[in-house]
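Presented below is the structure to which this report refers.
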Amino acid sequence: MGFTNVSIKIINPQNRQLSAETKLLVGSGALYSIVPAQFKRNIALEPKRRQTFVLANGDSITRPVGEAIFRFSDYEGTAPVVFGEETDKAALGVVTLEVLGLQIDPIRQELKPAPGLLLALGKTNAFVSRYG
């Protein structure tokens, strides 16, 4: 898909006055966004749970996970955030991209609006035919 770095504003959802801007690697390999652990302290983000992740080499790691508001240009949304350790690469994950309604343009190496996809039930659907 391609890789690029973008500047993202990360905002505390409980106190929007607390925010910080950082550069994150955007690629198709990261499911969740990963930010340096210092963001927990700097903008008072609270981990909600610990989650285990499997790395590409098969190893497992456990990291704290919370929520943050991500803002890129005019796009903003709340998404899960993994608080990385020193050895973890900061990344903007595909879940956050979907929440923001963005996708990566691999040719131009930039973010662009993504088409929204919805599951629409047609008249031939058994549920609609029976109840609708």
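The values are calculated or read from the model by the stated rules, or taken from the named source; none is laboratory data. Note that the structure is predicted; figures quoted are calculated from it, not measured. Quick reminder, even Gly has a Cβ in these numbers, built from the backbone with ideal geometry, and neighbours come from all protein chains shown.
Scoring Thr96 on the criteria (1) of a type outside the set (Gly, Ala, Ser); (2) in contact (Cβ under 8 Å) with a residue 60 or more places away in the chain; (3) within 14 Å of Lys9 (Cα to Cα); (4) touching a Leu at 6+ places or on another chain (Cβ under 7 Å) leaves a single failure, condition (4). The set of residues in segment 70-99 that are among the β-branched types (Val, Ile, Thr) and crowded, with 18+ Cβ neighbours inside 10 Å comprises Val81, Val82, Val94, Thr96, Val99.
Among the candidates Phe53, Phe127, Phe83, the residue that is under 17 Å from Val26 (Cα atoms) and either among the aromatic types (Phe, Trp, Tyr) or at pLDDT below 90 (or both) is uniquely Phe83.
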